[in-house]
Structure formats: structure tokens, C-alpha cells
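The values are calculated or read from the model by the stated rules, or taken from the named source; none is laboratory data. This is a predicted model, so every value here is computed, not measured. In this analysis, Cβ positions are derived from the backbone assuming ideal geometry, glycine residues included, and neighbour counts consider all displayed protein chains. Accessible surface is based on the protein model in full, side chains and every heavy atom, while ligands, DNA and RNA are left aside. Shrake-Rupley method; radii C 1.70, N 1.55, O 1.52, S 1.80 Å.
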Amino acid sequence: MANSGGYPPKRMIHPGSGRRKALPFPKGRQLDLAAQQEVIALLGDQPRQRDLLIEFLHLIQDRYHGLSASHLQALAAEMNLPMAEVYEVASFYAHFDIILDGEDAPPPLTIRVCDSLTCEMMGAQALLAGLPNAVGASVRVVRAPCMGHCDAAPAVEIGHRPLGHATLETVTQAAQAGHTQPEIPPYQDLAAYRAAGGYDRLADCLAGRSAVEQVIETLDAAGLRGLGGAGFPTGRKWTLVREAPKPRYVAVNADEGEPGTFKDRLYLEQHPHSFLEGALIAAWAMEAEAIYIYLRDEYPAARHILLTEIAALQSAGLAAHTTVHLRRGAGAYICGEESAMIESIEGKRGLPRHRPPYVAQLGIFGRPTLVNNVETLYWVPEILSKGAAWFADQGANGSKGLRSYSVSGRVKEPGVKLAPAGLTARDLIDDYCGGMADGHSFKAYLPGGASGGILPAAMADIPLDFGKLEAHGSFVGSHAVIILSDKDDLRAVALNLMRFFEDESCGQCTPCRNGTEKAVALMAKPTWDTALLEELSATMRDASICGLGQAAPNPLLSLLKHFPEDVR
């Protein structure tokens, strides 16, 4: 019978078939209702904001030890996002395990073994080789980049529990005992911090007893600089952001992923409120609507402490002038670059932005954003309490202020060393680290982590500060000092560092993505083609979008310059 309404029938007859076709099947993956209910239960009443995507992926990963396709689809539906957008974010970060159809989920327990430079020097490869048999097939063992425990190398992470000075025996015992959650170290909580005068400087600011201009002038006079690596004067940065239109934000870079760097972890795990007060003063000065703290996933104890203490200071009314958000990274060194960090805070892949515009003008959600690292903000309340001269006068060799040096490698007493800015590597070894480790002679050092280059012991009397090392093809960066000895193969050191950069390249730009891969292949050969390596390095430095690709050749080039006899 004809359709009197003029519309085609709902069930079409295939011409000549004499049969009715089934109802059209919706295209694409179909929503798994059980997975949808599981995702809804995990998310609870949290707002389905786009910028919370990575936080929600963590919830699923932690609960189910992986991200199944059905859970990703359910999350996409719940957040009203395309599946492709959720997948591209999940697949970008190393700590997310995507489980495709037909694949088995990874074992409930994963042990990550750090194979970055200091851990490699202290036996990481032996752990990687021996652990699979020691812990059994029910535990997954994988290599991982720097975990920020270089002073206790070799380091592993058992589930979410970091373990330093790891051996086959200690790791196996911890795994068998189910020790997979972080051990929370003793720290100064809110009550103890306030009893010692904490938050008095913030109170002065909020009550109008301190003016913004006065605070910035004090930080300038103290010589406080960005201590995450760039060394930009803090007071000048605060002024630049204040000149931009509101609304404004503050972003705290707590994603210290540079191999050899672990100073921020110390402050987060021992003195969280010194840093939090500094962040709240910065938010007051910027008239910032919110503070976003971006913490690397490798610091689970710090995350527990911050969640606890942020809730405490909010209950105490100390953060009424702004809103504090804690965001969790997911294993991507590139997110230590400020614009990549901001992309990740927004719930996206951590791809560095082209600049200009700079984040001070176009940061989080397109608004002006002040970015400071943990140590920089840690010093703010103390400088305001004790005065600019107290801080500035503590430097050495013409430098201003104090520095937290992360020292690891072939020294007797590695760790975070609070010492004058401008100290030399030789001073650090002799006066702060108990000298070289027994049986080792000082041969070389990295003054600024993986990207800061390698200098010979003969140049260990150069002040470790911004602007002092650049003439030698090196820089101090985040003050991560790794000491090498006559027992270390410098070619192997440089190859380890280049492999790190190859792994951690975000892949956005060809010079870095392909350049690091090509450099690793060339450096793994018995004989180096130095002319080709130098040409490749020049391309990476000149054409890479961000500092990762630009700095990746530094260890290689410094080796060619200062240790030609080691690369023949």
C-alpha cells in the first residue's frame, strides 16, 4: 500500500528481493550500558567539564588497571565528546594503558623501573632483566623515565609506591606484601605551619597591610628568579601578567621531569604550606580567579599531602580570594614546558604551543596566566618575612639568593643541597656531598640535568647560575647536578640521555620527532659520524618548536666539544 503521507516507508524493500531489510544499524561503536554505569559511578557528581578529561581517565585507569574501548566510549558519551578526542588524549600519556578489543587487560600490578641516567648508572638494567622472573607472570615490569628519586637510585614504582635503592629482593618483597600505595612521610601540616607564623604574610596582603607593588619590589630586590629552569626574574613576570586584562589565572608547575631533578618533591612532601602560601600570595597579586597546580603522576605521596592540606586551608578560609585546583599529570615529560602544561591542564594532549603569544597573555582557557614552579613560590613568604637583603646576600661568586641543588651520581651523599646560588660543582661535591664515592675519581658533570650538557671536571669551578655556563654550551636549568666518574662511559651517558628525549618527544614537530630518533640510531653505532651528528643537531636546535628538541643535542654536542677522545 502506498504511503499516503509522501514519506518513504520506515522499512525499505530491497529492489527485487521481495524481503524487508532490518532496521538500519547505527554507525560506529555502540555504547556498552554496563560500562556506562561503571563510568557514571566513578565520576559521581563531578561536573562533566572538558578540562577534567585527564582526571576522569585516571579514575578509570586506577579502578580497572587500564582503559578499555568500552569505557572510553562511555566516557566520551558522558562528556559529550567525540570518541576520537578522548582516545587521542588517552593515547598521548604513558601512564594510561589502552585496551583494544580482543586484548587482555594488563596485570593488576605494574612495576616501573627507572632507566634514566642516574638509575642506569646504579643498576637499572639488572633490575629490568631480573624482575620478571622474580615477581612472576602476574606482575608487569616495564621501563620508565625519571621518577624524581635520583638520590635513591635505582628507583622503581610498585603500583603507586615509589621505592628507592631498589634490589630484586626488596622489590619482590614489597610486591608480594601488597605494598602498592605511597608511604606518606612526616610533613609540616597546616596547624604546625600556622603555629610557626605561617600565612601571616598572606594575611598582610589580604588585609591591605602589604601593597602589590611593595611585594613585587621586594621579590625584585631579592633577585628571586624562576627556579624551574628558565631563570626569568619573578618580579618582572608578575608585573607582566598584572598588566594583562582580567580574568587571570596562576599555574604552578610541579611537573619536574628533568632527569636528575627532585628538589620540588622534597618541598611538596615536607613543607607543602610554604609553597601553598606563596601560590596564594601570587593569586592575590594577580587577582587570579583560580590556581591550577599541575603535579606529576610520579609523586603520589605529594598528591595525597596536597589534597589533604588544600582541603584544610580551604576549610580555614585561607583561600577565599581564589579557587585552588590540583591536576594530576599522566607521565609526559613535555608537560614540564609551560604551554604544554597548560594544554594538559585544559584536558588535552600536552603539545607545546607556538609562541608568541606567550602564556602571560594567552594561557589557561585563553586568559593571562602566571606560571611559577614550586621552589620559586616556596621562597616568596620567607623573603617577605625576612626581607630582600636576607635572600640576596646569601649568593656566592656574584650571584643572589639560595638554590636547591638536586645532586646525584658518583658522590657519597646525594640529595637536595640548600646552598648559595653561584656555588661551583667542586664546592658541592667537597662541601655538601662528602666528596666522591669510594673508588671513583671526578671526571665530568651535568650542571642542569639531561638538557644542560656535560662538562669536564676541569671546568668544575664555574659558578652554577643562570648566564654563567652558556658560553660553554651548557646551562644550569633547574640545578640538577649529576656527577660522573672515571668509571662511566660518556658515550653511553650521552646515548641514554638522547634515548630519553626520543621517548619523551611529543611528536608535534619533525626536527624533534625524527631528529632524536635518528640521533639515537647514529649514536648507537660503534663509530660516530660526527659531521652528520653535528648537522642533525643544528637542525634540531634551529627548527624545533620548544625547548625539548632545542636542548636535546646539548649532551651530544658538549661531548664532541669537551671529550673528543671519548667519541673516537
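Observations, loosely collected:
- Taking the criterion of being within 27 Å of the chain's Cα centre (by Cα), surrounded by fewer than 23 Cβ atoms within 10 Å (Cβ to Cβ) and either assigned to a helix (DSSP H, G or I) or among the hydrophobic types (A, V, I, L, M, F, W, C) (or both), the residues of region 152-169 that qualify are A152, L163.
- Restricting region 60-98 to residues that are without any contact (Cβ under 8 Å) to a residue 24 or more places away in the chain and buried (at least 19 other Cβ atoms within 10 Å of the Cβ), the residue that is farthest from V142 (Cα to Cα): A76
- Region 267-287, residues that are surrounded by fewer than 24 Cβ atoms within 10 Å (Cβ to Cβ) and among the charged types (D, E, K, R): E269, E287
- Any chance R349 is of a type outside the set (F, W, Y), over 13 Å from the mean Cα position of the chain (by Cα), at pLDDT below 95 and open to solvent by 10 Å² or more (accessible area, probe 1.4 Å): no
- Of all residues in region 393-422, those satisfying the criterion of being of a type in the set (D, E, K, R) and out of contact with any helix residue (DSSP H, G or I) (no Cβ under 6 Å at 6 or more places or on another chain) are D393, R403, R410, K412, E413.
- Residues that are more than 25 Å from E256 (Cα to Cα) and open to solvent by less than 30 Å² (accessible area, probe 1.4 Å), drawn from region 455-487: P456, A457, S485
To keep it simple, each residue is scored yes or no on (1) surrounded by fewer than 22 Cβ atoms within 10 Å (Cβ to Cβ); (2) more than 21 Å from the chain's Cα centre (by Cα).
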residue	(1), (2)
E289	yes, yes
R296	no, no
P300	yes, no
H304	yes, no
A312	yes, yes
V324	yes, no
G329	no, no
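- Only one of the listed residues (A124, A203) is surrounded by 15 or more Cβ atoms within 10 Å (Cβ to Cβ) and modelled with pLDDT of 95 or more. That residue is A124.
- Qualifying positions in region 210-245 - in a loop (DSSP other than H, G, I, E, B), touching a strand residue (DSSP E or B) at 6+ places or on another chain (Cβ under 8 Å) and surrounded by fewer than 19 Cβ atoms within 10 Å (Cβ to Cβ): G231, F232
- Any chance R426 is closer than 18 Å to A480 by Cβ and either modelled with pLDDT under 95 or surrounded by fewer than 20 Cβ atoms within 10 Å (Cβ to Cβ) (or both): yes
- Some residue of region 436-444 being over 18 Å from P555 (Cβ atoms) and open to solvent by less than 30 Å² (accessible area, probe 1.4 Å): yes
- Only one of the numbered conditions (1) on the phi < 0 side of the Ramachandran plot; (2) without any contact (Cβ under 8 Å) to a residue 60 or more places away in the chain; (3) open to solvent by 30 Å² or more (accessible area, probe 1.4 Å) is violated by A316, and that is (2).
- Filter pass, A35 being out of contact with any Pro (no Cβ under 8 Å at 6 or more places or on another chain), in contact (Cβ under 8 Å) with a residue 40 or more places away in the chain, open to solvent by less than 30 Å² (accessible area, probe 1.4 Å) and in a helix (DSSP H, G or I): no
- Tabulated pairs, region 388-403, first within 17 Å of G235 (Cα to Cα) and in contact (Cβ under 8 Å) with a residue 60 or more places away in the chain, second surrounded by 20 or more Cβ atoms within 10 Å (Cβ to Cβ) and among the aromatic types (F, W, Y), C-beta under 6 angstrom, 6+ apart or interchain: G401/F391
- Any hit, region 94-111, residues being part of a helix (DSSP H, G or I), modelled with pLDDT of 95 or more and under 21 Å from the mean Cα position of the chain (by Cα): no
- Of all the listed residues (V371, V411, V407), the sole one being among the aliphatic types (A, V, I, L, M), over 30 Å from L484 (Cα atoms), under 28 Å from the mean Cα position of the chain (by Cα) and crowded, with 22+ Cβ neighbours inside 10 Å is V371.
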